[in-house]
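Novice: Take a look at the following structure, please.
The values are calculated or read from the model by the stated rules, or taken from the named source; none is laboratory data. All figures in this text were calculated on a predicted structure; none of them were measured in a lab. Every residue, glycine as well, gets a Cβ built from its backbone with ideal geometry; the counts of neighbours run over all protein chains shown.
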Amino acid sequence: MKIIAFGASPSKNSINKKLATYAANLFENGEVEVLDLNNFQMPIFTVDIEKEIGQHELAKIFLSKIATADILVVSMAENNGNYSAAFKNVFDWCTRINSKVFQDKPMLLMATSTGAKGGASVLGIAKNAFPFYGGNIKATFSLPSFDANFDVENGKISNPELDSQLKDLIKNF
């Protein structure tokens, strides 16, 4: 079973990428590939640039990665209550090639932040929007107060109750 995971953030130390990686590796018999949004840097999408260069090759590659997945594990970064600009740009380029970016793949949709709400705003936005773009959301999970609830050194959730919640979601996925 192929699992594609990514944190929707361009940060080199993305807490969302860490959460997505941890969650993806909890699936039994999963072959995990973690994508880094930094490998998909494109000019800011505009119809003028699209007219000039056509469909961006990196957007095609991103979509081809999604196509290989049996399961998607996506953790959304929250920037000012919404998607990160880096994710939104990749998403915009991809929708011009295939409006069903997530290709109806079963998805674990998550978010985390250093704050107590755990990216609740962006998680809500994505949960409502992604089904229009082929997001087959099977479960959602929010990890609040990342610094207090995630052991970065060991790459796992340190709060037993929250860890159990995530493991139960994955077990019943």
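Novice: Which count do you get for residues in the stretch 24-57 that are on the phi > 0 side of the Ramachandran plot and touching a residue at least 60 places away in the same chain (Cβ under 8 Å)?
Specialist: Total satisfying the criteria: 0.
Conditions tested, residue by residue: (1) of a type in the set (Asp, Glu); (2) at pLDDT below 95; (3) surrounded by 12 or more Cβ atoms within 10 Å (Cβ to Cβ); (4) touching a Lys or Arg at 6+ places or on another chain (Cβ under 9 Å).
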{"site": "Met1", "(1), (2), (3), (4)": "no, no, no, no"}
{"site": "Val32", "(1), (2), (3), (4)": "no, no, yes, yes"}
{"site": "Leu37", "(1), (2), (3), (4)": "no, no, yes, yes"}
{"site": "Glu52", "(1), (2), (3), (4)": "yes, no, no, no"}
{"site": "Lys60", "(1), (2), (3), (4)": "no, no, yes, no"}
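Novice: For Ile66, work out the one condition from (1) touching a residue at least 60 places away in the same chain (Cβ under 8 Å); (2) hydrophobic (A, V, I, L, M, F, W, C); (3) within 29 Å of Asn159 (Cβ to Cβ) it doesn't fulfil.
Specialist: Of (1) touching a residue at least 60 places away in the same chain (Cβ under 8 Å); (2) hydrophobic (A, V, I, L, M, F, W, C); (3) within 29 Å of Asn159 (Cβ to Cβ), only one is false for Ile66: (3).
Novice: Exactly one of these conditions fails for Phe27: (1) buried (at least 16 other Cβ atoms within 10 Å of the Cβ); (2) touching a helix residue (DSSP H, G or I) at 6+ places or on another chain (Cβ under 9 Å); (3) in a helix (DSSP H, G or I); (4) of a type outside the set (S, T, N, Q). Give me its number.
Specialist: With respect to (1) buried (at least 16 other Cβ atoms within 10 Å of the Cβ); (2) touching a helix residue (DSSP H, G or I) at 6+ places or on another chain (Cβ under 9 Å); (3) in a helix (DSSP H, G or I); (4) of a type outside the set (S, T, N, Q), Phe27 is out only on (3).
Novice: Free of Cβ contacts under 8 Å to residues at least 12 places away in the same chain, under 17 Å from the mean Cα position of the chain (by Cα) and within 22 Å of His56 (Cα to Cα): is that true of Lys100 in this structure?
Specialist: no
Novice: Might you let me know whether the stretch 117-125 holds any residue that is more than 21 Å from Gly30 (Cα to Cα) and polar (S, T, N, Q)?
Specialist: Looking for residues that are more than 21 Å from Gly30 (Cα to Cα) and polar (S, T, N, Q), one finds at least one in the stretch 117-125, hence yes.
Novice: Given the structure, is Asp104 on the phi > 0 side of the Ramachandran plot and surrounded by fewer than 13 Cβ atoms within 10 Å (Cβ to Cβ)?
Specialist: yes
Novice: In addition: List pairs: first residue in the stretch 105-118 and β-branched (Val, Ile, Thr), second residue part of a strand (DSSP E or B) anywhere in the structure, Cβ distance under 6 angstrom, at least six positions apart or on different chains.
Specialist: Between residues of the stretch 105-118 that are β-branched (Val, Ile, Thr) and residues that are part of a strand (DSSP E or B), the close pairs are Thr112/Leu143.
Novice: Related question: Quick one: which helices (runs of 4 or more DSSP H) sit completely within the stretch 31-129 and have at least 1 residues that are polar (S, T, N, Q), out of contact with any Gly (no Cβ under 7 Å at 6 or more places or on another chain) and under 12 Å from Ala8 (Cβ atoms)?
Specialist: Here the list reads 85-95.
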